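Visitor: Below you'll find the structure I mean.
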2 protein chains.
Amino acid sequence: MDGFGYRAWLQPSKAQLGFIPRLKGAKDFAWEECAHGLEALFGRKPTNRGDYTITLETSPDPAPEAYTLRGGPEGLTVTGGCEKGLLYGVYGLLSRLCLGEPVETMNVREKPAVRHRVLNHWDNANGTVERGYAGASLFFKGGRIGYDLVRLKDYARLLASVGINEICVNNVNVYRDSAKLLTDEMLPDLARVAEVFRPFGIRLIIAVHFDSPVILGGLETADPADGAVARFWEESARRVYEYVPDLAGFLMKADSEFRSGPAALGRTQDEGANVIAKALAPFGGNIYWRCFIYNCAQDWRDTETDRPKAAYNEFHPLDGKFDDNVILQIKHGPSDFQVREPNSPLLGAMTQTHQGLEFQITQEYTGQQKDLYATAVQWEEILDTPVTDACMTRDLVGHEVTAIVAVSNTGADANWTGHLLAQANLYAFGRMAWNPAQTAEQLTRDWAALTFGRDPSLVETLTSMLLESRHVYEKYNAPLGLGWMVNISHHYGPSPEGYEYMKWGTYHRATHTHIGVDRTTHGTGYTAQYHNYVRDLYESKKTCPEKLLLFFHRLPYTYKLKNGQTLIQYIYDTHFEGVGDVKRFIKIWESLNEKIPQDAYDSVREKFDMQLANAREWRDVINNYFYRVTGVPDDKGRKIY
Amino acid sequence: MDGFGYRAWLQPSKAQLGFIPRLKGAKDFAWEECAHGLEALFGRKPTNRGDYTITLETSPDPAPEAYTLRGGPEGLTVTGGCEKGLLYGVYGLLSRLCLGEPVETMNVREKPAVRHRVLNHWDNANGTVERGYAGASLFFKGGRIGYDLVRLKDYARLLASVGINEICVNNVNVYRDSAKLLTDEMLPDLARVAEVFRPFGIRLIIAVHFDSPVILGGLETADPADGAVARFWEESARRVYEYVPDLAGFLMKADSEFRSGPAALGRTQDEGANVIAKALAPFGGNIYWRCFIYNCAQDWRDTETDRPKAAYNEFHPLDGKFDDNVILQIKHGPSDFQVREPNSPLLGAMTQTHQGLEFQITQEYTGQQKDLYATAVQWEEILDTPVTDACMTRDLVGHEVTAIVAVSNTGADANWTGHLLAQANLYAFGRMAWNPAQTAEQLTRDWAALTFGRDPSLVETLTSMLLESRHVYEKYNAPLGLGWMVNISHHYGPSPEGYEYMKWGTYHRATHTHIGVDRTTHGTGYTAQYHNYVRDLYESKKTCPEKLLLFFHRLPYTYKLKNGQTLIQYIYDTHFEGVGDVKRFIKIWESLNEKIPQDAYDSVREKFDMQLANAREWRDVINNYFYRVTGVPDDKGRKIY
């Protein structure tokens, strides 16, 4: 496959190199990637008759993935802390060249903030992708591993070029077929996938079924306290590492959404995780243990149970009890990847446990790659959220947060991500996991320039539209942190009461006068899970960020916001605005027609039509719902159905 | 298979015959069935040394399916208008014997009210049953016809014993695999199914795909005005009748719920139906043409379009344009088998067109064979509904209504219907289609006695519980004819706004003050589709039956019902009552424990637990929904969540 969308941010550069490259160094994989990149991006193979020398070398570094780029008038040296670091140096150099940085003055040292920069694929063995909006699986087909070798290599390059170094190939919801990834039946094929990714510095992870000892091992229980179960995991680890010696580890979704787990057997989460951790330890593997545990069979009548409290209640008491190669994988918010929710109170609450911060690139609740939604903006907000008065979430990264993880938005669609502009989210994730201090703005601008070229007005226009897109989407969705007003199951489009009487613990409890759940210490007590500073912030309606108001407080529709507007009028206004904004986006996109390759332009233009229909549906359903239930008219007299 | 549930209403009688039967007559199929019945039901084979002679004979009758039973001191003569009539006479005799009627004084003439007494199976070729709650298909397996021959014969006997004489084996939603029933690939198997049912007087129907000329015939269009399309249907009919010479005809769901049809090609429904009718006519076949046509992609904002008006608008102007072997199959109500809706205005509006009145035995919206629901009670109400001041719906039967049709509730479950007591609905359907003048009470009582024996207190208890069950179910569901407050797709359990913003045209438009759609001539004008007498009845809030109030009128929650109660209080009261009634049903059932075979008792007891949970959920969700939206408290202060 080839074409504009397929090459993503590794587009041939429209600018000239300005020199003829000569390449020095051991002819290893980094060398090949550098030569390949120079040719693919600039149409210039390195040659011995070049007039500018790029030297590739490694030099032991305490941060082996680090690299430096030191340029001068005669040449530039890329130095990696190891071969992997050198490879990142090559990609770093190539992208800087594409962005137009002059080689002579280049003077850079880069090292990743966290060791584990991880992509989770929710790919099923049958070739479907759970919450996938970009076509079929890149890894599976018809119940087995099945892939296009050329394509997989191109995918590996895309990921490595932004610093991703671990990928889980199969869905965290492991079914009987993908459970077999631990067996001789599937491991030979998995080993071949690992071979594709290995040179790119990417290690594989396998999502495993908690009941594997029963399903695969023929045991009567998966109880982690059972010696036979421990032996099963030991044997499985040994077998897996024979095939894939550099496997990064296992990933587990246990006791979650009707899946089995230690709690179901009367054991604790640390007991469940540690037995597998011990099996992986001799091979240097980690177990990623997801914290997405809550009562998914809640009675809507039950107002005591409050789903956002669940993960903290389950895991916080266990801090320090996990083995050193356990990484608790924590979704950024306490709900489930909603457009707006506070950060998980677990983040910053555990100092003795390795943690992975989990984002979602695939747009499950955020427009499903039909609607434009720059996830980096949300991530930046998340990282900028205080944990205490002296510490931001960002500050945890590289300390207790040793992994940054995200659910991938990729699939077999020709452009990888369905919506072409959703490539920005994959790009930004890798770069942000490498260095969380980078702003969404910078990452978006880089992506735009790498993808569409360095035309300043194009880059600025695209960048500002993308940066705005998250807030536009939020405007026409469930207001003020409510979340969950989506159609059930598929999660696209509005259904104000769709989840209201269901078992998932996701209620807004709207009446004709009030809406929202009181999660303060006077209500469900959820706020008490935060550090005092943050608790107090959310506890008070005055200091609570307004965008989270209905997440934390139950309020009358007549409640006055800081600007004097009522809450109900805010809902009407934002929903009307959202649709207007999408129309404006379409105009902006149309203004770029000349500067974007036609097929790329058309494909995005089509998505915008879908987004406009979606935004209208949200506007009309949400406004209508609140108008019906409250009887309060829009003070601007606009059409509410 | 064998056992209590499997034998249904053909249970061995606990009473004695009181005589030793001798059987006279030609040893044809009716003779065999009589001998088989005497042995199976009474443990008595007929013998030449018997002391009471049962004579089986035929005597030409203008109503060939008619029969007489004339008893005397020495013997009884069963006379059929033809062999089929004789068979019905045999079943009639056997059931009367089981019910304890004395032979000597038996003096009966029976003839069916309509020629076509039809069961529609919504069975898919893959073996699933759409809206089926009684296990897999009896006819299909793995994409092909596949059945248990012994079981199919027992099924045929069950159906014939209550007078059903036509069955459609495949789903009206015809997919590519079942479309092949018209081809040499599936017809040999279908012919074998026909052979099983033929001796029982049951003819097959095939549901066909409107696009068959394209899918199977390789044509470019299915346009009924195209000569090649007409030839395709002629050839198909010829082929089918070679395999199944007595086929009753075809069944078509066209232009409905995203299915293709004549309207999609700019043709009228009569053009679509007649081209197929002409192909079937030489073979004596009919085309059943469903009238379930509406805009299933409605915008909820659109308050002009009113789904219940659709079928009348489409078909009424075409009265007289259909060929004589077209039967328009009309659902009893204008919505879709809801618990409470008015009769279709098409019924009685067309005098020049054969019509089939379609019921649903399978409990799609009425408890899915978990909740007890005697459909016969609803059918009786439907038949008792006026068409004009001088004519009831019942009076149409045998005139323009030449077919009574129902969607079957049967499947491969050991007891045929999932819920054992749902057998009553299959039984009642057959008997009522034969003679619509029979009351639900009589049919239910007969069924109870045939199934569980003639213990008077058992029969009375069961009968009165069943007769009440429809109203109990209605109490805890969407109130006053609103309908559609169900969970989307699967249609079990409450979701007050589940369909409110969807495309299906099913809206209640509840606000904090009002609810319902004004379907009078001041509103959508739906009432104008009825005869003046009926229109006036529904038009006025005073004369509109209260149970249909919110189907026809938009009303404030404070509206006073005839007994002085407010509408909102009525909702609360009925929903509390409904749960109480189910608890009472459980007590009643428990009181019958001694009198019911243990496994039958247990299986129904389990269903009652499900029903109670469902009734509670409905009560709490519906009451909570209305309480939230109105803020009006229950005047009895009961718990509303």
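Visitor: Looking only at the stretch B:421-441, decide whether some residue is hydrophobic (A, V, I, L, M, F, W, C), surrounded by 20 or more Cβ atoms within 10 Å (Cβ to Cβ) and outside any helix (DSSP H, G or I).
Guide: no
Visitor: I would also like to ask the following. Given the criteria more than 14 Å from every other protein chain (Cβ to nearest Cβ) and either crowded, with 22+ Cβ neighbours inside 10 Å or within 27 Å of the chain's Cα centre (by Cα) (or both), does A:Lys542 qualify?
Guide: no
Visitor: Can you tell me which residue in the stretch A:587-613 is farthest from the other protein chains (Cβ to nearest Cβ), limited to those that are polar (S, T, N, Q) and under 22 Å from A:Gly493 (Cα atoms)?
Guide: Taking the candidates together, the pick is A:Ser603.
Visitor: Within the stretch B:319-373, which residues are of a type in the set (Val, Ile, Thr), more than 19 Å from B:Gly505 (Cβ to Cβ) and within 17 Å of the chain's Cα centre (by Cα)?
Guide: Within the stretch B:319-373, B:Ile327, B:Ile361, B:Thr362, B:Thr366 meet the criteria.
Visitor: For the stretch B:245-265, what are the residues that are buried (at least 22 other Cβ atoms within 10 Å of the Cβ) and hydrophobic (A, V, I, L, M, F, W, C)?
Guide: Result: B:Leu247, B:Ala248, B:Phe250, B:Leu251, B:Met252, B:Ala254.
Visitor: Within 14 Å of chain A (Cβ to nearest Cβ), surrounded by fewer than 20 Cβ atoms within 10 Å (Cβ to Cβ) and either hydrophobic (A, V, I, L, M, F, W, C) or touching a Lys or Arg at 6+ places or on another chain (Cβ under 8 Å) (or both), is that true of B:Ala281?
Guide: no
Visitor: Taking the stated definitions as given, is B:Leu482 hydrophobic (A, V, I, L, M, F, W, C), surrounded by 23 or more Cβ atoms within 10 Å (Cβ to Cβ) and more than 9 Å from chain A (Cβ to nearest Cβ)?
Guide: yes
Visitor: In the stretch A:357-378, how many are in a loop (DSSP other than H, G, I, E, B) and among the polar types (S, T, N, Q)?
Guide: 5
Visitor: Hey, does the stretch B:560-580 have a residue that's touching a strand residue (DSSP E or B) at 6+ places or on another chain (Cβ under 8 Å), within 14 Å of another protein chain (Cβ to nearest Cβ) and under 30 Å from B:Asp384 (Cα atoms)?
Guide: For the stretch B:560-580, residues touching a strand residue (DSSP E or B) at 6+ places or on another chain (Cβ under 8 Å), within 14 Å of another protein chain (Cβ to nearest Cβ) and under 30 Å from B:Asp384 (Cα atoms): absent.
Visitor: Mind checking which residues of the stretch A:267-285 are part of a helix (DSSP H, G or I) and charged (D, E, K, R)?
Guide: Hits for the stretch A:267-285 are A:Asp270, A:Glu271, A:Lys278.
Visitor: For A:Glu104, are the conditions met, namely being under 26 Å from A:Asp148 (Cα atoms) and among the acidic types (Asp, Glu)?
Guide: Considered against the rule, which asks whether it is under 26 Å from A:Asp148 (Cα atoms) and among the acidic types (Asp, Glu), A:Glu104 comes out as no.
Visitor: Considering each residue of the stretch B:489-513, count those that are within 9 Å of another protein chain (Cβ to nearest Cβ) and either aromatic (Phe, Trp, Tyr) or not in a loop (DSSP other than H, G, I, E, B) (or both), and give that number.
Guide: 2
Visitor: Could you please give the count of residues in the stretch A:286-332 that are crowded, with 22+ Cβ neighbours inside 10 Å, without any contact (Cβ under 8 Å) to a residue 40 or more places away in the chain and in a loop (DSSP other than H, G, I, E, B)?
Guide: 0
Visitor: Please work out which one of (1) away from every other protein chain (no Cβ under 14 Å); (2) over 28 Å from A:Lys587 (Cα atoms); (3) crowded, with 23+ Cβ neighbours inside 10 Å is the condition A:Thr521 fails and give its number.
Guide: (3)
Visitor: Additional query: What is the residue count in the stretch A:514-565 for residues that are over 29 Å from B:Pro496 (Cβ atoms), assigned to a helix (DSSP H, G or I) and out of contact with any Lys or Arg (no Cβ under 7 Å at 6 or more places or on another chain)?
Guide: Matching residues across the stretch A:514-565 total 8.
Visitor: Determine whether the stretch B:163-173 contains at least one residue that is on the phi > 0 side of the Ramachandran plot, in contact (Cβ under 8 Å) with a residue 12 or more places away in the chain and within 25 Å of the chain's Cα centre (by Cα).
Guide: yes
Residue by residue, here is whether (1) among the β-branched types (Val, Ile, Thr); (2) crowded, with 20+ Cβ neighbours inside 10 Å; (3) out of contact with any Lys or Arg (no Cβ under 9 Å at 6 or more places or on another chain); (4) closer than 26 Å to A:Gln438 by Cβ holds:
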| site | (1), (2), (3), (4) |
| --- | --- |
| A:Glu101 | no, no, yes, yes |
| A:Val118 | yes, yes, yes, yes |
| A:Arg151 | no, no, yes, no |
| A:Ile164 | yes, yes, no, yes |
| A:Ser178 | no, yes, yes, no |
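Visitor: Is at least one residue of the stretch B:79-97 more than 34 Å from the chain's Cα centre (by Cα) and farther than 24 Å from B:Ala449 by Cα?
Guide: No: zero hits.
Visitor: If you don't mind, another one. When you look at B:Gly493, is it modelled with pLDDT of 95 or more and touching a Lys or Arg at 6+ places or on another chain (Cβ under 8 Å), yes or no?
Guide: no
Visitor: While we're looking at this one, here's another question. Of these, B:Ala125, B:Ala136, which one is part of a loop (DSSP other than H, G, I, E, B), in contact with an Asp or Glu (Cβ under 9 Å, 6 or more places away or on another chain), modelled with pLDDT of 95 or more and surrounded by fewer than 19 Cβ atoms within 10 Å (Cβ to Cβ)?
Guide: Every option except B:Ala136 fails the conditions.
Visitor: Just to check your reading of the model, which residue among A:Arg628, A:Arg616, A:Arg584 is within 14 Å of chain B (Cβ to nearest Cβ), without any contact (Cβ under 8 Å) to a residue 12 or more places away in the chain and in a helix (DSSP H, G or I)?
Guide: Being within 14 Å of chain B (Cβ to nearest Cβ), without any contact (Cβ under 8 Å) to a residue 12 or more places away in the chain and in a helix (DSSP H, G or I) holds for just one of A:Arg628, A:Arg616, A:Arg584, which is A:Arg628.
The values are calculated or read from the model by the stated rules, or taken from the named source; none is laboratory data. The model shown is predicted, which means the values in this text are computed figures rather than measured ones. Glycine also receives a Cβ, built like all others from the backbone with ideal geometry; neighbour counts cover every protein chain displayed.
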